[in-house]
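Colleague: Sending over a structure as structure tokens; questions will come in a sec.
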Amino acid sequence: MRRSWTALILGLIIVGLFSTPVLALPELETVDYVDVEKYLGKWYSIAEIPRWFSPSCYGVTAEYSLREDGGVDVVNSCRRGGLDGEERSIRARAYVVDEETNAKLEVRFFWGLVRGDYWIIELGDDYEYAVVGEPSRRSLWILSREPYLEEELLEDILERVAAQGYDPDDLFYPWEEK
């Protein structure tokens with residue numbers, strides 16, 4: 001009898017997992033191609049869905065540089081509590097997982113113990129801005145080469161990310177003080 005209850009509970013958990021709204025979303029569309037060399041350098045996070053690892057982070061930046069093994073070194077930095085807060089940073093490595101487009105990467109933190117998808121879903125013609133997400137829609141970053149984006153462009157991006165299944169109301173703007 002105990003085994004049947006366990007099986008029933010496990011079955012309900014599995015059904016619950018596979019019936020979540022995330023699985024009902026269409027495939028996340030990425031850009032057709034990313035020139036990794038042009039993507040390298042410093043980016044400012046204009047808007048992002050806050051994650052457990054980035055509470056109270058303001059002035060968020062990410063810097064990418066090419067590794068000898070073809071991967072990318074990542075340094076994410078922010079200021080705790082406000083734009084004048086203490087600077088903190090974390091290092092990671094990213095690897096292209098879709099070599100046809102270079103638009104899908106996997107980022108590895110803490111010696112590869114924590115991994116995450118990094119999909120480039122929009123990119124300015126001159127790599128002046130980028131939009132990065134992942135299939136579950138739990139993460140989103142709107143990045144720019146400057147700590148601001150023109151309001152009209154940002155509004156257009158917000159419309160397009162909403163069409164991809166993101167809720168723009170979930171976004172935090174780390175270059176704006178609250």
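Values quoted throughout were computed directly from the atomic coordinates according to the rules given, and no laboratory measurement underlies them. For clarity, every value in this text was computed on a predicted model and none was experimentally measured. Note that we place each Cβ from the backbone using ideal geometry, even for glycine, and neighbour counts take in every protein chain shown.
Colleague: Let me make sure I get this right: for the stretch 27-170, a, b and c are the square roots of the gyration tensor eigenvalues over alpha carbons, sorted descending. Under 1.5 in a/c it's rounded, otherwise prolate if a/b > b/c, else oblate. Which is it?
Modeller: rounded
Colleague: If you don't mind, there's one more thing I want to ask. How much length is gained on full extension from residue 97 to residue 109, taking 0.36 nm per residue of separation minus their Cα-Cα distance? Each step should come with its number before you reach the end.
Modeller: Working: separation 12, 0.36 × 12 = 4.32 nm, distance 1.60 nm.
Roughly 2.7 nm would be gained on extension.
Colleague: Among residues other than residue 86 whose Cβ falls under 13 Å from its Cβ, what is the net charge (Lys/Arg +1, Asp/Glu -1)?
Modeller: With Lys, Arg at +1 and Asp, Glu at -1, the neighbours total +1.
Colleague: Right, here's the next one. When ranked by the protection proxy of mean other Cβ atoms within 10 Å per residue, highest first, what sequence do the peptides 150-159, 130-139 form?
Modeller: By packing density, highest mean first, the sequence is 130-139, 150-159.
Colleague: How much length, in nm to one decimal, is gained on full extension between residue 159 and residue 67, taken as 0.36 nm per residue of separation minus their Cα-Cα distance?
Modeller: Here the segment from residue 159 to residue 67 would lengthen by 29.6 nm.
Colleague: Same structure again: Within the stretch 55-108, report the trypsin sites (Lys or Arg not before Pro) that DSSP leaves as loop and that have at most 16 other Cβ atoms within 10 Å.
Modeller: Those that pass, being in a loop and sparsely packed, are 67.
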